[in-house]
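The values are calculated or read from the model by the stated rules, or taken from the named source; none is laboratory data. What you are looking at is a predicted structure, and each value in this text was computed from that prediction instead of being measured. Here the Cβ positions follow ideal geometry from the backbone for every residue, glycine too, while neighbour counts run over all protein chains shown. Side chains included, ligands, DNA and RNA excluded: accessible areas come from the protein's heavy atoms. Shrake-Rupley method; radii C 1.70, N 1.55, O 1.52, S 1.80 Å.
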Amino acid sequence: MDEKIREKFSELAKKNPERLKKNMNFSWSNWGFGRENLSVTADRLKEAGIKYIELHGNRYGENLGYDASEVRKVLEDRGVKVSGICGMFSPARDLSSNKGWVRQNAIDYIERNIKLGKELGAEYFLIVPGAVGRPDPIDKYEMDRSIETLGRIADKFTEAGIKGAVEPIRSAEVSFCHTFEDAVEYIERLDHPGVQWINGDVYHMMQEESHVGEVLKKHGDRLVNLHLADSNRRALGSGMLNLDVVIMSLYLIEHNEGKKFVTAEPLGPGGSPYPAMHAKHDPERLTELVNETIDYFRSRERVIKKSGANRR
């Protein structure tokens, strides 16, 4: 399958070289930086040449989370724009819960963070249909409840002009919606114009899909963002991910055009990613993590484009 993608990419480079001119819109998901001040994060991204940030959806209550005017000033001063909002769906905000008050928490949380996204010009909002950190099913009605609950708030996406993007997550972390096909089924059953997109994640895909590149090609029309981390969930280039095939596949689906993104999210190994959200990280190590990841991605992107050009 890798070779087929390489052949298709070579053909693209030969017949439509103009489609390779624009680089991918590279973003960084900041919730893995823990409690670090946003200005420090934005300084780091600016220094690394990263122009987009996926913001932690941290409006957990009416008086909690980002103030849009403060965020706007911090980011504008550094030339960084918001790509999207990363929704955080723990068991306390589980769209599929059998407890009504938990589902109401999820509805209220989504509404507050859609508002944040609209205020900051976000392109998408990431949705997880079940609870991250709860891999065991509650019952066989989880998807039904999740779809019903999200349907109560879905109009807010269209009103705000924000794409609702469903993220499939590995079975070690969630009880359902593990693959792109699962996400498509969820989206089609919901049947709402505000939630028609997928937020992919190569770390989860490597564990749940048969071939990352082929899945990206098949579902490219729905892909608005792709989370990136290597096979060990660390910096790109530190594991076994075939990033070249991922990048080629993204160019084949024209993911470098329009308001679509690739977003680094190297959270480190472990059963649950949420400890990273509350940790106090070493700033120097975070800077190394950012530089290693963006440098490796851009270097492979350049090599791939050059090799494609040389085959023309």
### Message
Quick check on Glu159: is it assigned to a helix (DSSP H, G or I) and farther than 26 Å from Pro91 by Cβ?
### Response
yes
### Task
May I ask you to verify whether Ile53 is of a type in the set (Val, Ile, Thr), closer than 23 Å to Arg234 by Cβ and at pLDDT 95 or above?
yes
### Query
Taking the range 98-121, which residues are open to solvent by less than 10 Å² (accessible area, probe 1.4 Å) and either in contact (Cβ under 8 Å) with a residue 12 or more places away in the chain or closer than 30 Å to Gly79 by Cβ (or both)?
Ala106, Tyr109, Ile110, Asn113, Ile114, Leu116, Gly117
### Message
Based on this model, can you work out whether Gly65 counts as closer than 20 Å to Glu284 by Cβ and surrounded by 14 or more Cβ atoms within 10 Å (Cβ to Cβ)?
### Response
no
## Note on the structure
The condition of being within 20 Å of Ala160 (Cβ to Cβ) and in contact with a Phe, Trp or Tyr (Cβ under 8 Å, 6 or more places away or on another chain) holds, among Gly84, Gly61, only for Gly84
### Message
Anything in the range 128-148 that is among the β-branched types (Val, Ile, Thr) and farther than 22 Å from Pro275 by Cβ? List them, or say none.
### Response
Ile138, Ile147
## Note on the structure
Exception for Lys140 within (1) in a loop (DSSP other than H, G, I, E, B); (2) open to solvent by 50 Å² or more (accessible area, probe 1.4 Å); (3) in contact (Cβ under 8 Å) with a residue 24 or more places away in the chain; (4) charged (D, E, K, R) falls at (3)
### Query
With respect to His204, is the statement that it is in contact with a strand residue (DSSP E or B) (Cβ under 7 Å, 6 or more places away or on another chain), modelled with pLDDT of 95 or more and either of a type outside the set (A, V, I, L, M) or not in a loop (DSSP other than H, G, I, E, B) (or both) true?
no
### Query
Of Arg302, Arg285, Arg298, which residue is open to solvent by 40 Å² or more (accessible area, probe 1.4 Å) and touching a strand residue (DSSP E or B) at 6+ places or on another chain (Cβ under 8 Å)?
Arg298
### Summary
Checked pairs for the range 219-241, first among the acidic types (Asp, Glu), second surrounded by 18 or more Cβ atoms within 10 Å (Cβ to Cβ) and at pLDDT 95 or above, C-beta under 7 Å and 6 or more apart or across chains, list as Asp230/Leu236; Asp230/Leu241
### Query
Which of the residues that make up the range 27-47 are in contact with a strand residue (DSSP E or B) (Cβ under 8 Å, 6 or more places away or on another chain) and under 15 Å from Glu70 (Cβ atoms)?
Asn30, Thr41, Ala42
### Message
Considering only residues that are farther than 17 Å from His255 by Cβ, part of a loop (DSSP other than H, G, I, E, B) and open to solvent by 60 Å² or more (accessible area, probe 1.4 Å), which ones fall in the range 8-51?
### Response
Arg35, Asn37
## Note on the structure
The residue from Leu241, Leu250, Leu289, Leu226 that alone is aliphatic (A, V, I, L, M) and part of a loop (DSSP other than H, G, I, E, B) is Leu241
### Summary
Note on the range 77-96: residues among the small types (Gly, Ala, Ser), over 30 Å from Lys46 (Cβ atoms) and open to solvent by less than 10 Å² (accessible area, probe 1.4 Å) are Ser96
### Among the candidates Gly121, Gly133, residue that is touching a Ser or Thr at 6+ places or on another chain (Cβ under 6 Å) and not basic (Lys, Arg)
Gly133
### Query
Counting just the residues of the range 191-214 that are under 17 Å from Lys260 (Cα atoms) and without any contact (Cβ under 8 Å) to a residue 60 or more places away in the chain, which one comes out farthest from the chain's Cα centre (by Cα)?
Gly194
### Summary
In the set Ala183, Ala165, the lone residue that is open to solvent by less than 10 Å² (accessible area, probe 1.4 Å), of a type in the set (Gly, Ala, Ser) and not in a strand (DSSP E or B) is Ala183
